[in-house]
Amino acid sequence: MDEMRPSSGAAAHLGLASIFPPGLQAIYGECRRLYPDQANPLQVTAIVKYWLGGPDPLDYISMYRNLGCPGQDVPEHWHYVSLGLSDLYGDNRVHEFTGQEGPSGFGFELTFRLKREAGETAPPTWPAELMQGLARYVFQSENTFCSGDHISWHSPLDNSESRIQHMLLTEDPQMQPMQTPFGHISFLQIVGVCTEELQAAQQWNGQGILDLLRGVHIAGGPWLITDMRRGETIFDIDPHLQERVDKGIETDGSNLSGVSAKCAWDDLSRPPEDEDDSRSICIGSQPRRLSDKDTEQIREALRKGLEINSKSVLPPISSQKHSHDRPQSRKDSLESESSAAIVPHELVRTRQLESVHLKFNQESGTLLPLCLRGRLLHGRHFTYKSINGDTAITFVSTGVEGAFATEEHPYAAHGPWLQVIDMASSASAESVSSLQCTVLPVSHPDASPAALSRSWTPPGGG
């Protein structure tokens, strides 16, 4: 990333509002509400702005000193606020302006609360680099975040020896959702967590783990303040919390319905030389590409399947162009690069397969027990969406309506989207033997995890 430097935010607070873009003014106004005595906060600024060709999407990260709340046992800390994921300018230089009724830009900004160390007189700037890294992921993938999401980072957030190596996301406890001239914005707070806490969030749900963290003062407390010096997990601090997680998994299952991952599948029913094989999913091969129309159909159906939360349903391929409650200019976490209109296409056909070979990188493979115990045993579905293309693997239980995999044909594919029916409850031993699964070791070139592995959880955990 470009060199970043602390700079004064004074100009934005000196009554010269007319020369500053309205989106920027709106966020500054919310910050002034919280910090009326810090009209001149330190800011970290990318030298070359993203809209001028720079690599860092966030124009600024403002840093405030928060005195905490002694009455709630909230310690003093540094509060970081991003500016750039939402539309600051309204002139399409970064974000497409779609009207005031929808989200501004991606519809959110990131915040982070870092415990202030004794004697510390200025905020560390490493959280700004972390926030820029997350913003780059959002801009490059056009995947948005929401409260309860987890982010697998696999490295201490401050590049130290800390156990805080992953993140959860939640609503900022002080900054309120707001309406700007370019749409609405919410503020999502980054919460640093240990590996064991991330795994618990995956196996149960992110909101449940966030609630547990709020109840443990040294692990976050009510405002979920990250302490990079924390050396114990919440389960080390209070072993009874593991029982609550286990009971939650048993009772509720997991509301994690899918993850972005490194995955692939092979149709072992066909010889590799079959020119009609539509497997755009084979690691190490040069597959035939589906048309834009084909892949857009599959993405739309897959998106709708994971969004539905009132009951476990995977709908058939739809010819609707866009969901009414989503802006056309943004993709959710299931869509990929092209944006062609959805038109029914005869070449995208459902194929019943006799045998398949599934491939996962190591981190994805560790989620297979979650898929079985936390999702399928509760009558739900779980999807691995490839970070490298349109490939998707959905495991479905027999109670999921609209699935094209059935008990009679437990493996079925629609283009690069594979569905596998819950073998434990429905299939014969012969069918089970036709499923091969490989978890690639870390040393394998296709197994290395991405720097950021994003999860998605639809509201209600359908």
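The values are calculated or read from the model by the stated rules, or taken from the named source; none is laboratory data. Small disclaimer: the values here were computed from a predicted structure and weren't measured. Here Cβ is always computed from backbone atoms with ideal geometry, including for glycine, and neighbour counts include all displayed protein chains. For the accessible areas, the whole protein counts, side chains as well, though only heavy atoms, and no ligand, DNA or RNA atoms are used. Shrake-Rupley method; radii C 1.70, N 1.55, O 1.52, S 1.80 Å.
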**Prompt:** Residues PHE106, PHE182, PHE112, PHE139: which one is among the aromatic types (Phe, Trp, Tyr) and within 20 Å of ILE218 (Cα to Cα)?
**Reply:** PHE112
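Pull up region 240-256, narrow it to residues that are among the polar types (S, T, N, Q) and under 21 Å from GLY379 (Cβ atoms), then point me to the one that is modelled with the lowest pLDDT.
ASN255
Only one of GLY99, GLY84, GLY119, GLY68 is of a type outside the set (D, E, K, R), modelled with pLDDT of 95 or more, assigned by the TED database to the domain that holds PHE182 and surrounded by fewer than 20 Cβ atoms within 10 Å (Cβ to Cβ). Can you tell me which?
Unique residue meeting the criteria: GLY68.
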**Prompt:** For region 179-276, which helices (runs of 4 or more DSSP H) that fit wholly inside it have 1 or more residues that are farther than 14 Å from HIS166 by Cα, touching a Pro at 6+ places or on another chain (Cβ under 6 Å) and open to solvent by 70 Å² or more (accessible area, probe 1.4 Å)?
**Reply:** 206-214
**Complete:** Going through region 257-293 in order, the residues found to be modelled with pLDDT under 50 and of a type in the set (Gly, Ala, Ser) are SER278, SER280, GLY284, SER285
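Could you check region 191-224 and list, in sequence order, the residues that are among the aliphatic types (A, V, I, L, M) and farther than 24 Å from LEU370 by Cα?
VAL216, ILE218, ALA219, LEU224, listed by residue number.
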**Asked** For THR111, are the conditions met, namely being assigned by the TED database to the domain that holds ASP172, farther than 24 Å from GLN207 by Cβ and not small (Gly, Ala, Ser)?
**Response** no
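Okay, residues lined up against (1) open to solvent by 20 Å² or more (accessible area, probe 1.4 Å); (2) assigned by the TED database to the domain that holds GLN202; (3) polar (S, T, N, Q):
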residue: LEU372; (1), (2), (3): yes, no, no
residue: HIS378; (1), (2), (3): yes, no, no
residue: HIS381; (1), (2), (3): no, no, no
residue: LYS385; (1), (2), (3): no, no, no
residue: THR394; (1), (2), (3): no, no, yes
residue: THR398; (1), (2), (3): yes, no, yes
residue: PHE404; (1), (2), (3): yes, no, no
residue: GLU408; (1), (2), (3): yes, no, no
**Item:** Matching residues in region 161-176 - criterion: being in a loop (DSSP other than H, G, I, E, B), more than 15 Å from GLY107 (Cα to Cα) and not acidic (Asp, Glu)
**Value:** SER162, ARG163, ILE164, GLN165, PRO173, GLN174
**Answer from TYR64, TYR80 - the residue that is closer than 17 Å to ALA128 by Cβ, in a strand (DSSP E or B), within 26 Å of the chain's Cα centre (by Cα) and without any contact (Cβ under 8 Å) to a residue 60 or more places away in the chain** = TYR80
**Complete:** Over region 26-50, the set of residues under 24 Å from the mean Cα position of the chain (by Cα) and open to solvent by 10 Å² or more (accessible area, probe 1.4 Å) is TYR50
**Request:** Could you tell me whether any residue of region 122-145 is farther than 27 Å from LEU67 by Cα and free of Cβ contacts under 8 Å to residues at least 40 places away in the same chain?
**Result:** yes
